[in-house]
Amino acid sequence: MTEAAQFEAFLTAYQDMVYSTAYRLLSQDAEARDVAQEVFVRAWQHWPQLSASPTAGGWLKTVTRNLCINHLQRYRARWKFFSDLKSADADDDEPGLEATFAAPETLEAGLLTQDQGRALADAMQKLPQNQRVALVLYHFEDLDYVEIAERLGVSLGKVKTDIHRARLALYKKLQPRREELGV
């Protein structure tokens, strides 16, 4: 297999992961596609090292995350699912901030779960950018508060506040929807 064919297979294997990571952070299709394209340009530049690397997927995810953060910092003026809106570090005096969605056992339950996922994605799209990005980095990218603060160039307190406010906003946006769905 030629080097170009190997890279094409590599691109095909990882394109969804790279795009979905970028989209969760940027919340814009065109921007996520641009970042994904840049990630694969860089992958091609490093292809001799990546082609045999067992950690190529992790490298791609890190490059994607870093390019998204750089993009967001550069374009601040322009500035996806988890089922637990309350983390272990949240205050216990915030009752009911947990979103619990049972595993689907029937087609109807599966459709309900898909609807809940869409509702969550829609609610996340409506969050202010700084809150959405901090929340995605924490819940989807598994970064801790200190790492998020360092990567975004903001204070630790701002990160904690943004995540807290994002959780509250999601809870408020999803609560009427949960009642409508009978969850």
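Residues that are on the phi < 0 side of the Ramachandran plot and of a type in the set (Gly, Ala, Ser) within the range 1-46 comprise ALA4, ALA5, ALA9, ALA13, SER20, ALA22, ALA30, ALA32, ALA36, ALA43, listed in sequence order. Entry remark, the range 131-156: residues being over 16 Å from ARG65 (Cβ atoms) and surrounded by 20 or more Cβ atoms within 10 Å (Cβ to Cβ) number 1 in total.
Restricting attention to the range 47-63, report how many residues are assigned to a helix (DSSP H, G or I) and either at positive phi or of a type in the set (A, V, I, L, M, F, W, C) (or both).
In the first step, residues of the range 47-63 are kept if they are assigned to a helix (DSSP H, G or I); the result is 47-50, 56-63.
If we keep only those that are either at positive phi or of a type in the set (A, V, I, L, M, F, W, C) (or both) too, we end up with 47, 50, 56, 59-60, 63.
Matching residues across the range 47-63 total 6.
Considering only the range 25-36, how many residues are surrounded by 13 or more Cβ atoms within 10 Å (Cβ to Cβ) and in a helix (DSSP H, G or I)?
Here is the first cut: in the range 25-36, the ones surrounded by 13 or more Cβ atoms within 10 Å (Cβ to Cβ) are 25-28, 31-36.
Checking which are in a helix (DSSP H, G or I) leaves us with 25-26, 31-36.
So the answer is 8.
When ALA4, ALA9, ALA22 are checked against the criterion of being modelled with pLDDT under 90 and not in a loop (DSSP other than H, G, I, E, B), ALA4 stands alone in meeting it.
Against the test of being modelled with pLDDT of 55 or more and more than 24 Å from HIS71 (Cβ to Cβ), the options PRO104, PRO176 yield a single qualifying residue, PRO176. Listed by first and then second residue, the pairs with beta-carbon distance under 8 Å, at least 6 apart or on different chains, first residue in the range 25-41 and among the polar types (S, T, N, Q), second buried (at least 19 other Cβ atoms within 10 Å of the Cβ), are SER27/MET124; SER27/ARG132.
The values are calculated or read from the model by the stated rules, or taken from the named source; none is laboratory data. Predicted model only: the values in this text are computed from it and were never measured. Virtual Cβ from ideal backbone geometry, glycine too; neighbours counted across all protein chains shown.
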